[in-house]
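Student: Got a structure for you, questions after.
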Number of protein chains: 2
Amino acid sequence: MRITKNRVIELKNRPSVYSSAACAGKTESEGPYREYFDMCFEDDGIGECSWEKAEEKLLLKSMECATEKAGLGFDDIEMIFAGDLLNQCTASSYSVRNKGIGFAGLFGACSTMAYSVALSSLFVNAGYVDTSVAATSSHFCSAEKQFRYPLEYGCQRTPSSQRTVTGAGAYVIGKNLKNRVCVNRVLFGSVIDYGIKDSSNMGAAMAPAAADSIAIFLEETKKCPEDYDMILTGDLGAVGSSLLKEILKNEYNIDISGVHNDCGVMIYGNNNSVNSGGSGCGCSALITAGYIMQQLNKGILNKVLFAGTGALMSPLISLQGESIPAIAHIVEFIGME
Amino acid sequence: MRITKNRVIELKNRPSVYSSAACAGKTESEGPYREYFDMCFEDDGIGECSWEKAEEKLLLKSMECATEKAGLGFDDIEMIFAGDLLNQCTASSYSVRNKGIGFAGLFGACSTMAYSVALSSLFVNAGYVDTSVAATSSHFCSAEKQFRYPLEYGCQRTPSSQRTVTGAGAYVIGKNLKNRVCVNRVLFGSVIDYGIKDSSNMGAAMAPAAADSIAIFLEETKKCPEDYDMILTGDLGAVGSSLLKEILKNEYNIDISGVHNDCGVMIYGNNNSVNSGGSGCGCSALITAGYIMQQLNKGILNKVLFAGTGALMSPLISLQGESIPAIAHIVEFIGME
């Protein structure tokens, strides 16, 4: 079901990405994007006594690193937009304690990188703040424990399952057009539920949401896939990516296969132990705040449509027999001449 | 610690509250504000098979009711801003499935009514949307089960504990100045942690955050408490309200005692079984979307400073020995002549 009515928001003042930072865990640092990460941790404990505290520290590191790369301090940041997968978004809210900065806590599951960048950019575009931070994180160990099984069980994983990325990403977004990359348009996804109930097949739950948002975005802006150097989905993984292309082709007559890539497919490269690929807020955080921003800054990429995808999955509601709804928020990044 | 730098955002286009709706559970409907609620349910199950589904339905009812009162349908709504206390904010995301409306999922614990109204108003003010919905909910049974103990244990409650309100509230906010009440200013709180570890004393955890936001708001706008008909805090309860007044007086030399009220103190009236009062997103949702909006519309109140307070409490992180941070988001409602 699609009710289109100016869902795309144009950012006429073109908020600028001052900087971004990607902080990665061990397995992620062993993948093909290591060189694009600002920090690579060899121990997923990040020197902390719990996985939750480790994730909190990873997120704080990414915010500190991005702020420093922008030549700023926390005192220069007027708002922080952040969320994560942990119950009560603790990585986000605990990492920004007592900093005297306005905080907007978000829940968009794995779509949070796109979601936080969208909100942050809109606040800058409207003049509500001059400089803001968008950030998110996930951690394999804290997520498995919360959403599936304790790692100690040593559960077998199905081929469609995805590995939650241990990583955090942060963007500093502001009003001065001093940087090459800016946010040109955003779209907030609607919640789509196709009735998928398998929590080991998030790609299938998220693909319809990604298709819906991408189709609406292209239709409203009268763009075609080839207008972009890349249409990048958050973390559909291999299974979800195939489904996305199929849905877009069959239901909307849109062929994105020439320009599509997916953070979940990219992050671990040919590592066969991760099944269908990566997932989690940290997945698109690492790929976009690390690799994509560098490619845009160098002019290797110029127009990237980033659809952050999130499965709004609750273990409790799943046990009650409910299906898994999903959402996809879109950010259009462009490189200014 | 306070770093003030234009934290208050002025809404020059004065987004208008088209309507609001309050849907209440059984105990709440037996309190002194029954007449201000749009729906009163005699059974907290709301005809559903789980407490979580009951909360989802309550939230949906409040959104439907508010939209109808505004003379609109869901097709006229361009964005929904909503959040709740359930893990993965399921009441919010499940209630808006397949409606084709952009959705922003929020986590601000019990501050979510003020938080969602603030974001919703800012989107309207900037012209990003013409009409939007802000909504939130909580349910005594789903919250007790998730945050404390299963109700079946029959635990004794301490005098400082608060009862999570079963209720939902929704606002329709738009650009046309056709209604009397508008949103004039907002402030996003920062996360404040005074080291409180007692999950049965949320008032103490939240009072410092409320004091911080109120003090910054009054300082930046050069207002004094008497400029308002009411300074209304979200759900500090009796214990937290006393602490708030003490902190404001001792640390900031601000005396709000002549104009202060608290949704947590108000909601259950003299019902002694609720200890320190009400709490939960539904608490300030019922009081503001029900009682306060009616008083503003009638001109009995004209200027209300609403500080939604939230304890960002996680049972898991609490078990790891951590304290409970809190946040307070502020919305300034004014009645136009």
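Student: For the stretch A:78-91, indicate whether the set of residues that are farther than 22 Å from B:Asp84 by Cβ, open to solvent by less than 10 Å² (accessible area, probe 1.4 Å) and at pLDDT 95 or above is non-empty. Give the steps one after another, and end with the answer.
Tutor: Restricting attention to the stretch A:78-91, the residues satisfying the condition of being farther than 22 Å from B:Asp84 by Cβ are A:78-79.
Next, only the ones that are open to solvent by less than 10 Å² (accessible area, probe 1.4 Å) stay: A:79.
Adding the requirement that they be at pLDDT 95 or above leaves A:79.
Within the stretch A:78-91 (the criterion being farther than 22 Å from B:Asp84 by Cβ, open to solvent by less than 10 Å² (accessible area, probe 1.4 Å) and at pLDDT 95 or above), the answer is yes, since at least one residue qualifies.
Student: If you don't mind, another one. Checking the structure you have, find out if any residue of the stretch A:5-24 is assigned to a loop (DSSP other than H, G, I, E, B), within 9 Å of chain B (Cβ to nearest Cβ), in contact with an Asp or Glu (Cβ under 9 Å, 6 or more places away or on another chain) and in contact (Cβ under 8 Å) with a residue 24 or more places away in the chain. Explain how you work it out, then say what you get.
Tutor: Just the residues of the stretch A:5-24 that are assigned to a loop (DSSP other than H, G, I, E, B), to begin with: A:5-7, A:11-15.
Right, trim to within 9 Å of chain B (Cβ to nearest Cβ) and you get A:5-7.
Narrowing the set further to residues that are in contact with an Asp or Glu (Cβ under 9 Å, 6 or more places away or on another chain) leaves A:5-7.
Now restrict to residues that are in contact (Cβ under 8 Å) with a residue 24 or more places away in the chain: A:6-7.
Within the stretch A:5-24 (the criterion being assigned to a loop (DSSP other than H, G, I, E, B), within 9 Å of chain B (Cβ to nearest Cβ), in contact with an Asp or Glu (Cβ under 9 Å, 6 or more places away or on another chain) and in contact (Cβ under 8 Å) with a residue 24 or more places away in the chain), the answer is yes, since at least one residue qualifies.
Student: Looking at A:Gly310, A:Gly280, A:Gly269, A:Gly264 in this structure, which one is out of contact with any helix residue (DSSP H, G or I) (no Cβ under 8 Å at 6 or more places or on another chain) and either touching a residue at least 40 places away in the same chain (Cβ under 8 Å) or buried (at least 23 other Cβ atoms within 10 Å of the Cβ) (or both)?
Tutor: Values: A:Gly310 fails: out of contact with any helix residue (DSSP H, G or I) (no Cβ under 8 Å at 6 or more places or on another chain); A:Gly280 fails: out of contact with any helix residue (DSSP H, G or I) (no Cβ under 8 Å at 6 or more places or on another chain); A:Gly264 fails: out of contact with any helix residue (DSSP H, G or I) (no Cβ under 8 Å at 6 or more places or on another chain).
Testing whether each residue is out of contact with any helix residue (DSSP H, G or I) (no Cβ under 8 Å at 6 or more places or on another chain) and either touching a residue at least 40 places away in the same chain (Cβ under 8 Å) or buried (at least 23 other Cβ atoms within 10 Å of the Cβ) (or both) leaves just A:Gly269.
Student: Shifting gears a bit: Of all residues in the stretch A:113-140, which are in contact with a helix residue (DSSP H, G or I) (Cβ under 8 Å, 6 or more places away or on another chain) and either on the phi > 0 side of the Ramachandran plot or open to solvent by 10 Å² or more (accessible area, probe 1.4 Å) (or both)?
Tutor: Once the filter is applied, which keeps residues that are in contact with a helix residue (DSSP H, G or I) (Cβ under 8 Å, 6 or more places away or on another chain) and either on the phi > 0 side of the Ramachandran plot or open to solvent by 10 Å² or more (accessible area, probe 1.4 Å) (or both), the stretch A:113-140 yields A:Ala126, A:Tyr128, A:Asp130, A:Thr131, A:Phe140.
Student: Next up: Among the residues of the stretch A:42-63, what is the count of those that are more than 13 Å from every other protein chain (Cβ to nearest Cβ), touching a residue at least 40 places away in the same chain (Cβ under 8 Å) and open to solvent by 30 Å² or more (accessible area, probe 1.4 Å)?
Tutor: Total satisfying the criteria: 1.
Student: Find the residue count for the stretch B:314-337, including only residues that are of a type outside the set (A, V, I, L, M, F, W, C) and in a strand (DSSP E or B).
Tutor: If we filter the stretch B:314-337 for residues that are of a type outside the set (A, V, I, L, M, F, W, C), which is where we start, we get B:314-315, B:318, B:320-323, B:325, B:329, B:332, B:335, B:337.
In the following step, the residues that additionally are in a strand (DSSP E or B) were identified as B:329, B:332, B:335.
Looking only at that region, the number is 3.
Student: Restricted to the stretch A:288-312, and to residues that are closer than 29 Å to A:Tyr194 by Cα and touching a Phe, Trp or Tyr at 6+ places or on another chain (Cβ under 7 Å), which residue is nearest to the other protein chains (Cβ to nearest Cβ)?
Tutor: First pass over the stretch A:288-312, keeping only residues closer than 29 Å to A:Tyr194 by Cα: A:288, A:304-312.
Restricting the remaining residues to those that are touching a Phe, Trp or Tyr at 6+ places or on another chain (Cβ under 7 Å) gives A:288, A:304-306, A:308.
Values: A:Thr288: 20, A:Val304: 21, A:Leu305: 17, A:Phe306: 16, A:Gly308: 12 Å.
The extreme case among them is A:Gly308.
Student: What are the pairs, 6+ residues apart or on separate chains, where a residue within the stretch B:152-178 that is under 23 Å from B:Glu332 (Cβ atoms) has its Cβ under 9 Å from a residue that is at pLDDT below 90 and open to solvent by 60 Å² or more (accessible area, probe 1.4 Å)?
Tutor: Close Cβ pairs (under 9 Å, with a partner that is at pLDDT below 90 and open to solvent by 60 Å² or more (accessible area, probe 1.4 Å)) do not exist here.
Student: Among (1) touching a helix residue (DSSP H, G or I) at 6+ places or on another chain (Cβ under 8 Å); (2) more than 22 Å from A:Cys283 (Cβ to Cβ), where does A:Glu28 come up short?
Tutor: A:Glu28 satisfies all of (1) touching a helix residue (DSSP H, G or I) at 6+ places or on another chain (Cβ under 8 Å); (2) more than 22 Å from A:Cys283 (Cβ to Cβ) except (2).
Student: For the stretch B:100-112, how many residues are assigned to a helix (DSSP H, G or I) and either open to solvent by less than 10 Å² (accessible area, probe 1.4 Å) or at the interface with chain A (Cβ under 7 Å from one of its Cβ atoms) (or both)?
Tutor: Narrowing the stretch B:100-112 to residues assigned to a helix (DSSP H, G or I): B:109-112.
Those left that are additionally either open to solvent by less than 10 Å² (accessible area, probe 1.4 Å) or at the interface with chain A (Cβ under 7 Å from one of its Cβ atoms) (or both): B:109, B:111-112.
Here the count works out to 3.
Student: Which of the residues that make up the stretch B:315-326 are crowded, with 23+ Cβ neighbours inside 10 Å, modelled with pLDDT of 95 or more and either at the interface with chain A (Cβ under 7 Å from one of its Cβ atoms) or more than 14 Å from A:Gly105 (Cβ to Cβ) (or both)? Spell out how you get there, then give the answer.
Tutor: Residues of the stretch B:315-326 crowded, with 23+ Cβ neighbours inside 10 Å: B:317, B:324-326.
Within this subset, residues satisfying the condition of being modelled with pLDDT of 95 or more are B:324-326.
Hits for the stretch B:315-326 are B:Ile324, B:Pro325.
Student: Another question, then. Of all residues being part of a loop (DSSP other than H, G, I, E, B) and surrounded by 24 or more Cβ atoms within 10 Å (Cβ to Cβ) in the stretch A:178-222, which is farthest from the other protein chains (Cβ to nearest Cβ)? Just the residue, please. If you could, list the steps in order and put the result at the bottom.
Tutor: From the stretch A:178-222, those part of a loop (DSSP other than H, G, I, E, B) are A:178-180, A:188-191, A:193-201, A:222; that's our starting set.
With surrounded by 24 or more Cβ atoms within 10 Å (Cβ to Cβ) added as a condition, the list becomes A:188-191.
Values: A:Phe188: 3, A:Gly189: 7, A:Ser190: 5, A:Val191: 5 Å.
Among those that are part of a loop (DSSP other than H, G, I, E, B) and surrounded by 24 or more Cβ atoms within 10 Å (Cβ to Cβ), it is A:Gly189.
Student: For residues that are at negative phi and among the polar types (S, T, N, Q), scanning just the stretch A:236-261, find the one that is most open to solvent (accessible area, probe 1.4 Å).
Tutor: Pass one, the stretch A:236-261, residues at negative phi: A:236, A:238-252, A:254-261.
Cutting the leftovers down to among the polar types (S, T, N, Q) gives us A:241-242, A:250, A:257, A:261.
Values: A:Ser241: 8, A:Ser242: 69, A:Asn250: 121, A:Ser257: 66, A:Asn261: 50 Å².
Residue satisfying both the conditions and the ranking: A:Asn250.
Student: Looking only at the stretch A:64-76, filter to residues that are in contact with a Gly (Cβ under 9 Å, 6 or more places away or on another chain) and more than 9 Å from every other protein chain (Cβ to nearest Cβ); which one of those is surrounded by the most Cβ atoms within 10 Å (Cβ to Cβ)?
Tutor: The selected residue is A:Ala66.
Conditions (1) more than 10 Å from chain B (Cβ to nearest Cβ); (2) in a helix (DSSP H, G or I); (3) in contact with a strand residue (DSSP E or B) (Cβ under 8 Å, 6 or more places away or on another chain), marked per residue:
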{"residue": "A:Gly83", "(1), (2), (3)": "no, no, yes"}
{"residue": "A:Ser92", "(1), (2), (3)": "no, yes, yes"}
{"residue": "A:Asn98", "(1), (2), (3)": "no, no, yes"}
{"residue": "A:Ala114", "(1), (2), (3)": "yes, yes, yes"}
{"residue": "A:Gly127", "(1), (2), (3)": "no, no, no"}
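Student: What number of residues within the stretch B:198-219 are charged (D, E, K, R) and modelled with pLDDT of 95 or more? Show your work before the answer.
Tutor: Within the stretch B:198-219, the subset charged (D, E, K, R) is B:198, B:212, B:219.
Keeping just the survivors that are modelled with pLDDT of 95 or more gives B:212, B:219.
Residues flagged as charged (D, E, K, R) and modelled with pLDDT of 95 or more within the stretch B:198-219 amount to 2.
Student: Let me ask something else. Looking at (1) of a type in the set (Ser, Thr, Tyr); (2) surrounded by fewer than 22 Cβ atoms within 10 Å (Cβ to Cβ); (3) within 16 Å of B:Gly277 (Cβ to Cβ); (4) touching a strand residue (DSSP E or B) at 6+ places or on another chain (Cβ under 8 Å), find the lone condition where B:Ser160 falls short.
Tutor: Answer for B:Ser160: the failing condition is (4).
Student: So, in the stretch B:234-260, of the ones that are part of a helix (DSSP H, G or I) and polar (S, T, N, Q), which residue ends up nearest to B:Gly308 (Cα to Cα)? Even if it seems obvious, please write down each step before you answer.
Tutor: Looking only at the stretch B:234-260, we keep the residues that are part of a helix (DSSP H, G or I), and these are B:237-252.
Adding the requirement that they be polar (S, T, N, Q) leaves B:241-242, B:250.
Details: B:Ser241: 13, B:Ser242: 16, B:Asn250: 22 Å.
The selected residue is B:Ser241.
The values are calculated or read from the model by the stated rules, or taken from the named source; none is laboratory data. Bear in mind that the values here come from a model prediction, so they are computed numbers and not experimental data. Neighbour counts are summed over all protein chains in view; Cβ atoms, including those assigned to glycine, are modelled from backbone coordinates with ideal geometry. When the accessible area is computed, the model is the full protein with side chains, heavy atoms only, and any ligands, DNA or RNA have been set aside. Shrake-Rupley method; radii C 1.70, N 1.55, O 1.52, S 1.80 Å.
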